[in-house]
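The values are calculated or read from the model by the stated rules, or taken from the named source; none is laboratory data. Since the structure is predicted, the reported quantities are computational estimates derived from the model, not experimental observations. Don't worry about glycine lacking a Cβ; one is built from the backbone with ideal geometry, like all the others, and counts go over all protein chains shown. Just so you know, the surface numbers come from the protein's heavy atoms only, side chains and all, with ligands and any DNA or RNA stripped out. Shrake-Rupley method; radii C 1.70, N 1.55, O 1.52, S 1.80 Å.
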Amino acid sequence: MTSASLWNDLKKALSGSEEDYTEVNLRRAIFLLSVPMILELVLESVFAVVDIYFVGTLGASAVATVGLTETYLFLLYSVAMGLSFSVTAIVARRIGEKEKDKAGIAAMQSVWIAIIASLPFTIAGIFYSKELLALMGADDWVLNEGFRYMQWMLGGNIVIILLFLINAVFRGAGDAAISMKVLWLANGLNIILDPIFIFGWGPIPAYGITGAAIATTIGRGIGVLFQFWLLFQGGKHIRIFFRHLQIEWDTIFGILKTSLGGIGQMIVGMTSWIFIMRILSEFGSQTVAGATIALRTMMFTMMPSWGMSNAVATLVGQNLGAGKPDRAEQSVWFTGYCNMGYLILVSIVYFFCSESIIGIFTNDQTVINIGSEWLRIVSYSYFVYAWWMAASQAFNGAGDTITPTKINIIFFWIIQIPLAYTLGKFFDFGYRGVFWAMMVSETSVGIYTLWLFTKGKWKETKV
């Protein structure tokens, strides 16, 4: 590829390409899809890092509030991501089959599902925030000051779940550049509003930790409004018309049926994290704060890999819809090798610079020691995550969300949680034992998922 053609493809990737991803050169297709997906997720993770940076100035208990709230938000994310796997797979199949009107119908029905799915979280967040935080072992400051953060985050969760699902529609259709622009807007606003609402500015008072949640809700809410405008305007590959607003139960049940595995898959992983955070909370707010900062850092560095893996889901879905399973498989292998090379470089940085990285977000030496230790432990096998992400997204892109669910049950519930408790509490290794348990279980799940992918049964999935 010449520098001129690379530049032209980069411009197409950022502005939105009308290419048929079942026909164009495979490496070019991955490039056109993955560039906006990577940038979309990088900015999402930039916001997560900036947010924790501002919150970190409020102390370890404030950071712990974010970490404990996120354990419940992870349940929401599991529902949103599980549904998004299904939506991406179904929309991608319809686009691959050249059925754009059916893709538009599926897109609108996913919006109705999102609205209904958000209601239980809204009720729990508004009325039971203190009880939920107490259940996770929160300290007095979190219970008395931090609960309002949870009220805003869970109470306004509708903007989170809609942001997930509508962007999944655009990605499945191949309009990855639109998803990128939506998150640029939402998270760009978040970054600007964060210090304003946390520390106060002009007529806006300082809301402290609650201000972070207010800024996030406003930013994401504006992003959702932008999504709807774009859907009705029409992207390069998909558009919603007013006739699609009518509820179609057959389509809704089809999405739900396909998404059950995806939701289960994510719930298993997320509830495992809740148990892990509950174990870590036994060692104090500084441990939770260190783990929270390390997790945000990991999320930031994994975004390029997730972006490429999301491209895999689109390519697998569209190429299976077009009757090209071998091309779908090739996209997974190529992406896996790219991911692996990138994460090896990240591992080297983690190993040698972990304390400096965590030190960006806090001056508390104990928090720095805990967070940096997790990053060093992760560095030993980070490259395996590359294959886990690529292979699991191949299953999800094909619509086979049940297989990753079964895998997650074994490696997260049956292996990770008991091992973390045994090493951390029973053998008295403390938080180090928990970190090692996570490394062992997540390395194992990556190797096993890749092995199962090579069997090829995912190619036979119908949606």
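One residue is enough: does the range 173-184 have a residue meeting the conditions free of Cβ contacts under 8 Å to residues at least 60 places away in the same chain, surrounded by fewer than 20 Cβ atoms within 10 Å (Cβ to Cβ) and touching a helix residue (DSSP H, G or I) at 6+ places or on another chain (Cβ under 7 Å)? No - not one qualifying residue is present in the range 173-184. Here's a check for you: in the range 91-118, which residue that is hydrophobic (A, V, I, L, M, F, W, C) and within 30 Å of I274 (Cα to Cα) is surrounded by the fewest Cβ atoms within 10 Å (Cβ to Cβ)? Among those that are hydrophobic (A, V, I, L, M, F, W, C) and within 30 Å of I274 (Cα to Cα), it is I116.
Here the condition is being assigned to a helix (DSSP H, G or I) and not charged (D, E, K, R); of A138, A206, A134, it holds for A134 alone. Pairs meeting the criteria (first residue in the range 292-311 and outside the structural domain of F31 (by the TED database), second residue open to solvent by less than 10 Å² (accessible area, probe 1.4 Å) and acidic (D, E), beta carbons under 9 Å, at least 6 apart or on different chains) are R296/D51; M303/E40; G307/E40; N310/E40.
May I ask you to say which residue of I247, I255 is in a loop (DSSP other than H, G, I, E, B), within 17 Å of I113 (Cα to Cα) and among the aliphatic types (A, V, I, L, M)?
Sole residue among the options that is in a loop (DSSP other than H, G, I, E, B), within 17 Å of I113 (Cα to Cα) and among the aliphatic types (A, V, I, L, M): I247.
Could you figure out which of (1) under 26 Å from G188 (Cα atoms); (2) among the aromatic types (F, W, Y); (3) open to solvent by 40 Å² or more (accessible area, probe 1.4 Å) isn't true of F127? Condition (1) is where F127 drops out.
Taking the range 305-316, which residues are open to solvent by 20 Å² or more (accessible area, probe 1.4 Å) and not hydrophobic (A, V, I, L, M, F, W, C)? Before you say what the answer is, go through the steps one by one.
Kept after step one, since they are open to solvent by 20 Å² or more (accessible area, probe 1.4 Å), are these residues of the range 305-316: 306, 308, 310.
Of everything in the range 305-316, just one residue is open to solvent by 20 Å² or more (accessible area, probe 1.4 Å) and not hydrophobic (A, V, I, L, M, F, W, C), namely N310.
Identification of helices (runs of 4 or more DSSP H) wholly contained in the range 317-413 with 3 or more residues that are open to solvent by less than 10 Å² (accessible area, probe 1.4 Å) yields 325-359, 365-379, 382-398. Of the conditions (1) over 18 Å from G172 (Cα atoms); (2) open to solvent by 40 Å² or more (accessible area, probe 1.4 Å); (3) out of contact with any Leu (no Cβ under 6 Å at 6 or more places or on another chain); (4) not hydroxyl-bearing (S, T, Y), A48 fails just one. Which one is it? The number of the failed condition is (2). Among the candidates W273, W184, W229, the residue that is outside the structural domain of P404 (by the TED database) and at pLDDT below 90 is uniquely W184.
Out of curiosity, is F85 in contact with a Pro (Cβ under 7 Å, 6 or more places away or on another chain) and part of a helix (DSSP H, G or I)? Spelling it out, it is not the case that F85 is in contact with a Pro (Cβ under 7 Å, 6 or more places away or on another chain) and part of a helix (DSSP H, G or I). Within the range 118-139, residues that are assigned by the TED database to the domain that holds G284 and within 13 Å of T65 (Cα to Cα) reach no partner that is modelled with pLDDT of 90 or more and surrounded by 14 or more Cβ atoms within 10 Å (Cβ to Cβ) with beta carbons closer than 7 Å at six or more positions or on different chains.
In the set (1) more than 21 Å from T71 (Cα to Cα); (2) open to solvent by 20 Å² or more (accessible area, probe 1.4 Å); (3) modelled with pLDDT of 90 or more, the condition left unmet by F283 is number (1). Scanning the range 135-164 for residues that are under 18 Å from M277 (Cβ atoms) and either within 20 Å of the chain's Cα centre (by Cα) or charged (D, E, K, R) (or both) yields D139, M150, M153, L154.
For the range 19-54, what are the residues that are of a type outside the set (A, V, I, L, M, F, W, C) and under 23 Å from D326 (Cα atoms)?
Residues satisfying the conditions are E19, D20, Y21, T22, E23, N25, R27, R28, S34.
Quick check on the range 222-241: of everything there that is touching a Lys or Arg at 6+ places or on another chain (Cβ under 9 Å), in a loop (DSSP other than H, G, I, E, B) and open to solvent by less than 30 Å² (accessible area, probe 1.4 Å), which residue is farthest from E19 (Cα to Cα)? If we take residues in the range 222-241 being touching a Lys or Arg at 6+ places or on another chain (Cβ under 9 Å), in a loop (DSSP other than H, G, I, E, B) and open to solvent by less than 30 Å² (accessible area, probe 1.4 Å), then I238 is farthest from E19 (Cα to Cα). Does the range 19-45 hold any residues that are of a type in the set (A, V, I, L, M, F, W, C), in a helix (DSSP H, G or I) and either open to solvent by less than 50 Å² (accessible area, probe 1.4 Å) or under 24 Å from A294 (Cβ atoms) (or both), and which are they? Scanning the range 19-45 gives L26, A29, I30, L32, L33, V35, M37, I38, L39, L41, V42, L43.
Restricting attention to the range 8-18, the residues that are touching a residue at least 40 places away in the same chain (Cβ under 8 Å) and either assigned to a helix (DSSP H, G or I) or open to solvent by 20 Å² or more (accessible area, probe 1.4 Å) (or both) total 4. For M277, are the conditions met, namely being part of a helix (DSSP H, G or I), over 27 Å from E97 (Cβ atoms) and in contact (Cβ under 8 Å) with a residue 60 or more places away in the chain? So M277 passes the test.
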